[in-house]
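Quick notes on the structure that follows.
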Amino acid sequence: MKKKEINVALIGYKFMGRAHGNAYISAPKFFSLPVQPVLHTIVGRDQKGVAAVANQWGWKSFETDWRRVLENEEIDLVDVGTPNSSHAEISIAAAEVGKAIACEKPLAMNVAEAKAMVKAVKKNRVHNYVWFNYRRAPAISLARELIDEGRLGKIYHLRAVYLQDWIMDPNFPLVWRLQKKIAGSGAHGDLNSHLIDLARFLLRTEFDEVCGMAKTFIKERPIEIPGRGFATVKTARKKGKVDVDDAVLFLARFGNGAIGTFEATRFAKGRRNGNQIEINGSKGTLVFNLERMNELQFFDDTLPKQEQGFRRILVTEPVHPYIHGYWPPGHIIGYEHTFISMVVDIMNHLAGRTKEFHADFEDGLRCQEVLDAVLLSCKERRWVRIKEVA
């Protein structure tokens, strides 16, 4: 018997479009799914570019206007992989016509938009998902299991950093991620959003209050000259203002009494994608580093003193979360598998095999509240309680 198909429309076809598209293709190859994702329509503003991607990746059709896919009754799931400024408009419109929605992070530009998106999906009773893919790293899922089992005891500290260096060259152009009207914020929304979500996921608690600081190191960058592409700083006739942060650091107090430190920057030379989180408790410590994503470091203080020390858990056994669908023990998985595993969970949820899914739009809103509270703190140079922006 042929499985029910879930026709997917993916809006956006570049970096995240590739990650999402690959996940829809690969998920049913590794896992037995109750429903089959189908690459129905991919959307991009550049007709030549989106047509080439549709042909290369095997999408049935392509469009240059996202509104067309909302008019198509064949579409079941709308995947929003566009820049942040369009998340709310597309998601709300999709909800109003009864489409399930998977939206990239951060969910919105601000709390007001995120609230409107949550209201729309609840009112129209549509399934909704946010691409916080690092929740699906097996080592992260194992870390939560260990915390839930009480292996760390009472949680005292969480310290998290997300370090990159891809915009340090002053010749790097004024792309959309460096423009507030499109991105909302810089490294903060792009990177701290992941750290905030991981903190909520791992500790199962909410942020209480935050205190932050922000810095923009390069305040002007070359912009595109029509017909000539991106200029360099030396040759640019025109430069534009960078009005988002390059780095944001903040302190946090959690509802469970723990405290945390967070740092997101794109100016950490040599750090390509340094996403690391450490949790300290009364009985032990856990450390995760995305650049060694198949490993979890665990210090267990309940062991005899002569046996103590950080030990590496290679999270590739069939008993570890998600691993059973991939390779034999010791055969590591990669970045793309976090997206594949999320598609697996989405398909199981759409089919009714699981009752709950996280992160959903409500989780995205909780994250957005923290993001906005930190920015308010940076602006007013004070501690801000989350309820002030909620």
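Odds and ends about this structure:
- Total residues in the range 54-70 satisfying the condition of being open to solvent by 40 Å² or more (accessible area, probe 1.4 Å), assigned to a helix (DSSP H, G or I), under 25 Å from I25 (Cβ atoms) and out of contact with any helix residue (DSSP H, G or I) (no Cβ under 7 Å at 6 or more places or on another chain): the figure is 3.
- Taken over the range 36-48, residues that are open to solvent by 20 Å² or more (accessible area, probe 1.4 Å) and closer than 11 Å to Y13 by Cβ amount to 2.
- Among the residues of the range 116-129, those identified as open to solvent by less than 90 Å² (accessible area, probe 1.4 Å) and out of contact with any strand residue (DSSP E or B) (no Cβ under 7 Å at 6 or more places or on another chain) are A116, M117, V118, A120, N124.
- Of the residues in the range 364-386, none is open to solvent by 60 Å² or more (accessible area, probe 1.4 Å) and within 14 Å of N133 (Cα to Cα).
- Being in contact (Cβ under 8 Å) with a residue 12 or more places away in the chain, open to solvent by 30 Å² or more (accessible area, probe 1.4 Å) and either charged (D, E, K, R) or over 18 Å from A143 (Cβ atoms) (or both) holds for only one residue in E307, E336, and it is E336.
- With respect to the stated conditions, E73 is among the acidic types (D, E), in a loop (DSSP other than H, G, I, E, B) and more than 25 Å from H337 (Cα to Cα).
- Comparison of E74, E89 shows that the only residue that is open to solvent by 20 Å² or more (accessible area, probe 1.4 Å) and within 10 Å of A9 (Cβ to Cβ) is E74.
- Residue that is farthest from the chain's Cα centre (by Cα) [pool: residues in the range 294-336 that are over 27 Å from A258 (Cα atoms) and among the aliphatic types (A, V, I, L, M)]: V319
- Which listed residue, of S341, S282, is of a type in the set (S, T, Y) and either farther than 22 Å from R204 by Cβ or touching a Leu at 6+ places or on another chain (Cβ under 8 Å) (or both): S282
So that you can scan it fast, the table gives a plain yes or no per residue for (1) in a loop (DSSP other than H, G, I, E, B); (2) in contact with a strand residue (DSSP E or B) (Cβ under 7 Å, 6 or more places away or on another chain); (3) within 22 Å of E369 (Cα to Cα); (4) modelled with pLDDT under 95:
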| position | (1), (2), (3), (4) |
| --- | --- |
| C211 | no, yes, yes, no |
| F217 | yes, no, no, no |
| G227 | yes, no, no, yes |
| A236 | yes, yes, no, yes |
| V244 | yes, no, yes, no |
| L249 | no, yes, yes, no |
| R253 | no, yes, yes, no |
| G257 | yes, no, yes, no |
| G260 | no, yes, yes, no |
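- Of the listed requirements (1) farther than 30 Å from V244 by Cβ; (2) in a strand (DSSP E or B), V78 misses just one: (1).
- Residue list for the range 274-293, restricted to those being more than 15 Å from E263 (Cα to Cα) and surrounded by fewer than 17 Cβ atoms within 10 Å (Cβ to Cβ): S282, K283, E291, R292
- Yes/no for S26 being under 25 Å from the mean Cα position of the chain (by Cα) and buried (at least 17 other Cβ atoms within 10 Å of the Cβ): yes
- Of the candidates G274, G260, G281, the single residue that is over 21 Å from Q164 (Cβ atoms) and not aromatic (F, W, Y) is G281.
- The condition of being open to solvent by 40 Å² or more (accessible area, probe 1.4 Å) and under 27 Å from D190 (Cα atoms) does not hold for I11.
- Here A100, A187, A143, A199 are screened, and the one residue that is in contact (Cβ under 8 Å) with a residue 60 or more places away in the chain, touching a Gly at 6+ places or on another chain (Cβ under 7 Å), open to solvent by less than 20 Å² (accessible area, probe 1.4 Å) and aliphatic (A, V, I, L, M) is A199.
The values are calculated or read from the model by the stated rules, or taken from the named source; none is laboratory data. Since we're looking at a predicted model, the values are computed, not measured. Please note: Cβ atoms are built from the backbone with ideal geometry, for glycine as well, and neighbour counts cover all protein chains shown. Accessible surface is based on the protein model in full, side chains and every heavy atom, while ligands, DNA and RNA are left aside. Shrake-Rupley method; radii C 1.70, N 1.55, O 1.52, S 1.80 Å.
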